[in-house]
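This report concerns only the one structure given below.
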Amino acid sequence: MNVPLCSCGSFLLSVGGIANEGDGFFRGKRFLCLRCGALYASAPRNQLSTLEAETKITALETEFMVNCGSKLFAFGMYRFGCDRCDADEEHIRHASDGDWRDLNDALKWISDRTGKEFGMVNGDLGHYAELSSQVASAGDSRKILDLLKGG
C-alpha cells in the first residue's frame, strides 16, 4: 500500500468524500498538507506505507478532525445526526450562529497551522485568494451572497 506525499515531502491527509471519492471538505480537492497548506486533486507523490507513516497520518487526521474537520461545512455537505441534513437539506442552508462561529474558528486554525489563508467564498472552502479570484472572474453572485448572509 502507498501513502500520499506533498511536494514539500509531508504526508497528505485524505479530505475527499466518502471512500475518498467525490467532493469532501474542499471542492475538487482530495488531499491536504497540514505543513504547507497545499490542496491536491491527486497526490503528487507516493511512498510505500510503513508503520511509522501510518501512525503519523493517523495523528495528523486526528489533529485535523479535532481542531477543524468536524466544524467545516460548505455547499453539498450534510452532517450525520442533524435532523434537517437527514431530511436532505444541505447544512449550510440551516447552520446556526454557533455553527458559523465554529466554521470561522476552524478556518482560522487551519490557516494558522499551515501558514496559508483558508476561507469560504460563495459556499466553497479552500485557499481564500484562489476562491476570490474565481469569484471575480465569474461575475455577480448576489443569490449566493444573500444565502450566506442569511437572506
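The values are calculated or read from the model by the stated rules, or taken from the named source; none is laboratory data. Since this is a predicted model, take the numbers as computed values, not measurements. We place every Cβ from the backbone using ideal geometry, glycine too, and count neighbours over all the protein chains shown. Surface accessibility is based on the protein's heavy atoms, side chains included, excluding ligands, DNA and RNA. Shrake-Rupley method; radii C 1.70, N 1.55, O 1.52, S 1.80 Å.
Once you put a point 7 Å from the Cα of Ser42 and another 7 Å from the Cα of Lys56, both along the Cβ direction, what distance in nm separates them?
The answer from the label model is 2.4 nm.
Take the solvent-accessible surface of the protein heavy atoms, probe 1.4 Å, and return the percent of it on segment 1-78 that carbon and sulfur atoms account for.
Working: 2240 of 4070 Å².
In segment 1-78, the share of accessible area belonging to carbon and sulfur is 55 percent.
Please compute the length gained on full extension between Tyr128 and Tyr78, using 0.36 nm multiplied by the number of residues separating them and subtracting their Cα-Cα distance. Could the numbers behind the result be given before it?
Details: separation 50, 0.36 × 50 = 18.00 nm, distance 2.22 nm.
Length gained, Tyr128 through Tyr78: 15.8 nm.
Within 11 Å, Cβ to Cβ, of Ala95, how many net charges do the neighbouring residues add up to if Lys/Arg are +1 and Asp/Glu are -1?
Values: positive: Lys71, Arg79, Arg84, Arg93, Arg101; negative: Glu89, Glu90, Asp97, Asp99, Asp102.
Result for the local shell: 0.
Which whole-Hz couplings ³J(HN,Hα) result when phi for each residue of segment 3-9 is put into the Karplus expression 6.51 cos²θ - 1.76 cosθ + 1.60, θ = phi - 60°, listed in order with x for Gly and Pro?
Per-residue couplings from phi come out as 10, x, 10, 7, 4, 7, x Hz.
Along each of the three principal axes of the Cα atoms of segment 77-126, give the extent in whole Å, ordering the values from largest to smallest.
Principal-axis extents of the Cα atoms in segment 77-126, largest first: 37, 19, 17 Å.
How many percent of the alpha carbon pairs in segment 1-130 exceed a separation of 20 Å? Could the numbers behind the result be given before it?
Details: 3646 of 8385 pairs.
Tail fraction, whole percent: 43.
Enter the Cα centre distance for the pair segment 28-44 and segment 60-118, rounded to the nearest angstrom.
About 18 Å separates the Cα centre of segment 28-44 from the one of segment 60-118.
Pull out the extension gain between Cys8 and Ala87, defined as 0.36 nm times the separation in residues minus the alpha carbon to alpha carbon distance; nm, one decimal. Mind showing how you got there, number by number?
On the way: separation 79, 0.36 × 79 = 28.44 nm, distance 4.18 nm.
In short, 24.3 nm is gained.
If you take the Cα Rg of segment 22-99 and divide it by 2.2 N^0.38 Å, with N the number of residues, what do you get?
Working: Rg = 15.2 Å, N = 78, 2.2 N^0.38 = 11.5 Å.
Dividing the Cα radius of gyration by 2.2 N^0.38 Å gives 1.32.
Using only the Cα atoms of segment 47-90, construct the convex hull and provide its projected area averaged over every direction, in square nanometres to one decimal. Show your work: numbers first, answer last.
Details: hull surface 17.9 nm².
Here the figure is 4.5 nm², rounded to one decimal.
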